Structures are given as C-alpha cells and as structure tokens.
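Chemist: Please find one structure pasted underneath; my questions will follow.
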Amino acid sequence: MTSRQSLGAVRSSFAPWADPTATPLVRFEAVTKRFGAETAVKSVSLDIYEREFFALLGPSGCGKTTLMRMLAGFETPDEGRVTLEGQDLAGLPPHQRPLHMMFQSYALFPHLSVERNIAFGLQRQGLAKAEISDRVAEMLALVRLEGLARRKPDQLSGGQRQRVALARALAPRPKVLLLDEPLGALDRKLREETQFELMALQQRLGMTFLVVTHDQEEAMVMADRIAVMRAGEIVQTGPPPEVYEAPNCRYVADFIGEVNLFEGQVETADGRLVRLSSPVCPQGLEAAEDDPLPKSAAAWFAVRPEKMVLHPTPPPPGPNLMQGKVADIGYLGDWTTYVVEVAGGQTVRAARANAARVVENPVDWGDTVWLTFARDAAVVLSR
C-alpha cells in the first residue's frame, strides 16, 4: 500500500483544475434531469479530472446520486450532456461505459464465493480464464482478502463485504470508479480506517474516483475537491480546506462542520475591515474583508467554534466580545464543546482542545463566560 507520507506528497501537489490547459476527464455541461414535475438536477456544469478523488456532498434529495447515475448511464439527462474523455455518452448503455459503480448495499451475489463475485464482471467481458484468475488474485491481494476467496458473502463481516464489492468494481480496471455512499454500513472506527485505505488505493491505481456522500467528514478526509449540492444545484466547488475556511454562503458554512453565524447591519466597510452592529455584541463585530459592502446592508460573520476563544474571566473591552452563560457542555475526548447563551437568546459554540489531562480554571454548566474571536477568524457573508 502507498505510504501516508508519499500519499500526502502526491495530493498536496495535485491541482489540475487550476491549470487552464488541463483537459477534464468527465464533464457535465448544463445538465438537467426531471422526474415528472420535480427537477432533480438543475443545469449543472462540472469538470472532473483524471486521477482526481472527487466528492459530491449534500443532504438526501439534493441531486447528487442522480448526477452520478447520469454518468453511469442509469438515467438520461433531459437537457445538456455528459462527456467522458471528450466523448458524448448519450445513447451509450451502462455496460459499454468504461466505468463501474459500487453501490451502498454492495449488491454482492449471495450464492457466489468471494472470488466468483470478483470474477463476474470479467467473465461478462469475455476475458480468458487464465487472465480472470490472475486478475482475481491481484484484486484479492489489493484489498487484503487472500485467505477468504472461497467464502460466501454471509460468512464475511461488513468491512470484508465492502472490500469484496470494491475489488469487484476495480477488477475490470474502469477509467472512473463511482462510489455511492460506500462506507455507510461500516462502524465509525472501520469507516475512518477505510477512508485512508481508499485514498491510498486510488493513488496506487492512478484512477479517478467519484464518491457520493452526505457525510461531510468523509468528503473532507478523502476528496481532492468537493462539490456541495443543494436542491439540484452546485453551490460551491473547491478543495476541502477552501470549502471549510472560505464558504461562499451561509448554506455551505452551516452544512460543512459546525459554525456560528452572527447577523448584523454594516456600519462601515472600507475594503480592509467590515464592522457590523449586532445585539449579541454591544461594542460591535469586526472582521477583515477585502471587498467593501454597502452601508446598512445585512451581512453575516461565520466563525467556527474552534476559532472562538472562551474566557472564564472578563477580557479587556473591545469588538467581537460577548458575554453569556454556559447552557451545555459536550466532552468528546480530544475536544470539549461549550454551548453558550448570549444576548438575544442566541447560542454560540466554542470548542477547546483538551491538550492536558488536568484542566485549569474548569468551566461548568451555568457559569458566566466571555467569548471573543479574532478579526481574521470570521468569514464575511452577504448571502
């Protein structure tokens, strides 16, 4: 398996979407799909590049699976087109497309052994027996199931069945592997382990992976880029750090991780600093911002809980300072989250890393605390 160090080196330098001369492997061009009166996908345009691990992320019913199924050939666009290596896929049936789909349910044949499940697609391709045998052995070694070739699916754990489904999808060596909620059936620990295994496997094979998921953490860990979807449209596309640290609207800020949203009216905005009047903060809210906003316009500051600083005693007065009472505490082992009720009844979340075993000046339920955040910790949003 590819080491994590070499994987990081490869991924940190991988950014074909930033190269204007790069040619996308997969392209959705103004694609629309309707089911009766409902529009599931609304004029979506999207490029996916060779060797990219791409994630479609969004809640149930947002259109992400429909978009994947149009690429796979299980659905037909009502408008627009889908291309692979520049070829329009319209009219090409699923079995003739150089891609494979791994379903959330795994869809293994219960009456076939592990090795026969993996061989099934290769037999349909008409490969010679010797080549099929070699390819199955290669796939079993790749997913570390060499000793389980003769077992049936009901004799395997959930994680092992997931590996069989993955091996079966990879065996025909598709140009694109489509993964529909691939880790949903796994427990948390196994899911986290499998995320890194999938990343290493994708780099080792040099393949393009497209994953559909509603799990933001899964997308953030595995993907080179994420497309956040809502109501059939793509709201924002970018690498995980960009989507998390620089959301382009309240929906993305709220959907990706935890966030505090402070609403107010613009008092000043000179291209370097935005100042809002807000009931949660008597001395105002301030954030660094390059783009000026019109005076008196509504705006929001998005601040992640880990960027909120919790003070058990009053800090010096100034902007971005609010007082409240601790309404709830969530201990997560590595982090503790404090839910603080501030002026106007708004609740604000602050997260502290548990860097030491003994906490000095512990904060308890009902305590009065003060919260602050740095000007450059807030993202200014106008929608």
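Chemist: Could you list, in sequence order, the residues of the range 324-355 that are at pLDDT 95 or above and basic (Lys, Arg)?
Modeler: 325, 349
Chemist: Determine whether residue 104 is under 22 Å from the mean Cα position of the chain (by Cα), of a type in the set (S, T, N, Q) and not assigned by TED's automatic domain parsing to the domain that holds residue 43.
Modeler: It is true that residue 104 is under 22 Å from the mean Cα position of the chain (by Cα), of a type in the set (S, T, N, Q) and not assigned by TED's automatic domain parsing to the domain that holds residue 43.
Chemist: Still on this structure, I have one more. Is it true that residue 278 is at pLDDT below 95, in contact with a strand residue (DSSP E or B) (Cβ under 9 Å, 6 or more places away or on another chain) and within 14 Å of residue 371 (Cβ to Cβ)? If you could, list the steps in order and put the result at the bottom.
Modeler: Numbers: at pLDDT below 95: yes; in contact with a strand residue (DSSP E or B) (Cβ under 9 Å, 6 or more places away or on another chain): yes; within 14 Å of residue 371 (Cβ to Cβ): yes.
Here the answer is yes, as residue 278 does meet what is asked.
Chemist: May I ask you to say which residue of 369, 363, 358 is farther than 21 Å from residue 263 by Cβ, more than 28 Å from the chain's Cα centre (by Cα) and at pLDDT 95 or above?
Modeler: Working: 363 fails: at pLDDT 95 or above; 358 fails: at pLDDT 95 or above.
Within the list 369, 363, 358, the selection yields 369.
Chemist: If I ask for residues that are of a type in the set (S, T, N, Q) and part of a helix (DSSP H, G or I), which ones from the range 147-164 would you list? Give the steps one after another, and end with the answer.
Modeler: Here is the first cut: in the range 147-164, the ones of a type in the set (S, T, N, Q) are 155, 157, 160, 162.
Within the range 147-164, 155, 160, 162 meet the criteria.
Chemist: Show me the strands (runs of 3 or more DSSP E) found entirely inside the range 297-341 where at least 1 residues are charged (D, E, K, R) and out of contact with any Leu (no Cβ under 9 Å at 6 or more places or on another chain).
Modeler: Per the criteria, 321-331.
Chemist: Please go through the range 196-212 and give me each residue that is closer than 17 Å to residue 17 by Cα and under 14 Å from the mean Cα position of the chain (by Cα), ordered by number.
Modeler: Within the range 196-212, 209, 210 qualify.
One line per residue, one yes/no per condition, for (1) touching a strand residue (DSSP E or B) at 6+ places or on another chain (Cβ under 9 Å); (2) modelled with pLDDT of 90 or more; (3) outside any strand (DSSP E or B):
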position	(1), (2), (3)
172	yes, no, yes
183	yes, no, yes
186	no, no, yes
189	no, no, yes
210	yes, yes, no
229	yes, yes, no
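Chemist: What about residue 144, is it part of a loop (DSSP other than H, G, I, E, B) and over 23 Å from the mean Cα position of the chain (by Cα)?
Modeler: On the way: part of a loop (DSSP other than H, G, I, E, B): yes; over 23 Å from the mean Cα position of the chain (by Cα): yes.
Taking the combined requirement at face value, the residue satisfies it.
For every residue, the table says whether it meets (1) aliphatic (A, V, I, L, M); (2) out of contact with any Pro (no Cβ under 8 Å at 6 or more places or on another chain).
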position	(1), (2)
27	no, yes
33	no, no
40	yes, yes
50	no, no
68	yes, yes
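Chemist: I'd like the full set of residues that are aliphatic (A, V, I, L, M) and modelled with pLDDT under 95, limited to the range 247-258.
Modeler: Selection gives 256 alone.
Chemist: So, one more: Quick one: is residue 288 small (Gly, Ala, Ser) and surrounded by fewer than 15 Cβ atoms within 10 Å (Cβ to Cβ)?
Modeler: yes
Chemist: Taking only the range 364-380 into account, find how many residues are among the small types (Gly, Ala, Ser) and either in contact with a Phe, Trp or Tyr (Cβ under 8 Å, 6 or more places away or on another chain) or part of a strand (DSSP E or B) (or both). Steps first, please.
Modeler: Taking the range 364-380 as the starting set, the residues that turn out to be among the small types (Gly, Ala, Ser) are 366, 374, 377-378.
The next check asks that each one be either in contact with a Phe, Trp or Tyr (Cβ under 8 Å, 6 or more places away or on another chain) or part of a strand (DSSP E or B) (or both); those that pass are 378.
Counting residues in the range 364-380 that are among the small types (Gly, Ala, Ser) and either in contact with a Phe, Trp or Tyr (Cβ under 8 Å, 6 or more places away or on another chain) or part of a strand (DSSP E or B) (or both) gives 1.
Chemist: Output yes when any residue across the range 218-230 is touching a Cys at 6+ places or on another chain (Cβ under 6 Å) and surrounded by fewer than 20 Cβ atoms within 10 Å (Cβ to Cβ), and no when none is.
Modeler: Looking through the range 218-230, at least one residue is touching a Cys at 6+ places or on another chain (Cβ under 6 Å) and surrounded by fewer than 20 Cβ atoms within 10 Å (Cβ to Cβ).
Chemist: Take the residues of the range 235-285 that are surrounded by 16 or more Cβ atoms within 10 Å (Cβ to Cβ) and among the hydroxyl-bearing types (Ser, Thr, Tyr): which is farthest from residue 213 (Cα to Cα)?
Modeler: The qualifying residue farthest from residue 213 (Cα to Cα) is 278.
Chemist: Just to be sure before I move on: is residue 242 without any contact (Cβ under 8 Å) to a residue 40 or more places away in the chain and not in a loop (DSSP other than H, G, I, E, B) in the structure I sent?
Modeler: Details: without any contact (Cβ under 8 Å) to a residue 40 or more places away in the chain: yes; not in a loop (DSSP other than H, G, I, E, B): yes.
Here the answer is yes, as residue 242 does meet what is asked.
The values are calculated or read from the model by the stated rules, or taken from the named source; none is laboratory data. Computed from a predicted model, the values in this text were never measured in an experiment. Positions of Cβ are generated from backbone atoms using ideal geometry, with glycine treated the same way; all protein chains shown enter the neighbour counts.
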